[in-house]
Structure formats: structure tokens, C-alpha cells
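Structure record follows, encoded as C-alpha cells.
Bear in mind these aren't lab numbers, they're just calculated from the coordinates by the rules spelled out. Predicted model, so just to flag it, every value in this text is computed and none were measured. Here the Cβ is made from the backbone with ideal geometry for all residues, glycine too, and neighbour counts use every protein chain on show.
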Amino acid sequence: MSLRILATGGTFDKRYDPIAGTLGFARTHLHVLLRQARIEGAATVQELMQVDSLDMTDAHRRQVLEACAASPEDRIVVIHGTDTLVDTARVLGEARLPRTIVLTGAMVPVDLADSDALFNLGFAAGCARVLPHGVHVAMNAQVFAWDAVRKNRALGVFEPVHATQA
């Protein structure tokens, strides 16, 4: 079963620049991570953009949607910044594509100690292979439907949204 992985940037792919003392973007880490996770042969990486999700626009989200719709694979993982991941999940979910799309990201950049990026990538890839068609969010060993999740910024986790909550 073939898998497509779309890179959009986010904290997941940020790199520390010791000269400037800042986090920024270069190329995606996905090729190295897929080798490390031993799933590289079964996945095609497509680098769409490298942006912080706070800078992601509706045009960027349309680009992600178009890439998902055009993908020859029907199992897709989208690497995304966590701040607006739910917004992009909503765009994809409302499109109702005949695909299994799993969005994931990282709270800590892959280059830094204690990053959750590699685990989340492997978890999302596994979810994409077994979940039914639809849009899902997979973070830190939890999977959510696109329309039943939110980021709890105070705790730095994704959590379910219950019908009784506003």
C-alpha cells in the first residue's frame, strides 16, 4: 500500500540556526526520517511549502487540498504546523475527498532533543494505512476526527472537542 507524505513546514521541519539564534526552514527532514523509521520505500514525499502554520493562508490551504485531490495515492499524511493544523483539517474534511488523509506535526522541531516529530510521523503513517477514508488528526498516540479536535495551547496537546463544548 503506497503512501504520499505532503510537507508543509511547521515546527516539525524547523531547523535551529546557531549563527542567527533562530529557528527557520531549509529542506524537509522527511527523507532522513523515513529511512530512520524504515518506511521510505513505501512512501512518496512531496514538498509543497515550508511555512510556519501561523503564516499559512487560504491559498496555502487550497494548495494542500489540490495536492491531496491530485495524489495518485489514496493514503496521505500531511506534515503541518500545529497552530493552524485544525484549520487545514477543516478545509480537507469539508472537501470530502475519497482519500484517507492524516494530519500531524510536532511540538518540538525534529533537530532538537526530545522532539516528538519522528514518533508522530510513524504514528500518522500507520494511521493512514489502516483508517477509513476521511480526514484525521494524529498527534502523540491519539487520533481524532477532523471535526472533533482542537489544540489546547495551554497544555500543548490536541484534545477531543465534545458536543457539549462551545
Net charge contributed by nearby residues that have their C-beta within less than 12 Å of Thr100 (K/R +1, D/E -1)
+2
Computed from these coordinates, which is semi-axes √(5λ) of the Cα gyration tensor in Å: (1) 26, 22, 14; (2) 22, 19, 15; (3) 27, 17, 15?
(2)
Take Arg38 and Leu155, extend 7 Å from each Cα along the Cα→Cβ direction, and tell me the distance between the two endpoints in nm.
3.4
Taking neighbour Cβ counts within 10 Å as the exposure measure, how do His31, His136, His60 sort from fewest upward?
His31, His60, His136
Per-pair calculated FRET efficiency, R0 = 22 Å: Gln142 and Asp87 via Cβ, rounded to 0.05:
0.70
Region 57-115: trypsin sites (Lys or Arg not before Pro) falling in loop per DSSP and having at most 12 other Cβ within 10 Å:
Arg96
Length-normalised contact order of the chain in % [C-alpha pairs under 8 Å, at least 6 apart]:
23
Please arrange Val51, Val157 by counting, for each residue, the other beta carbons lying within 10 Å of its beta carbon, fewest first.
Val157, Val51
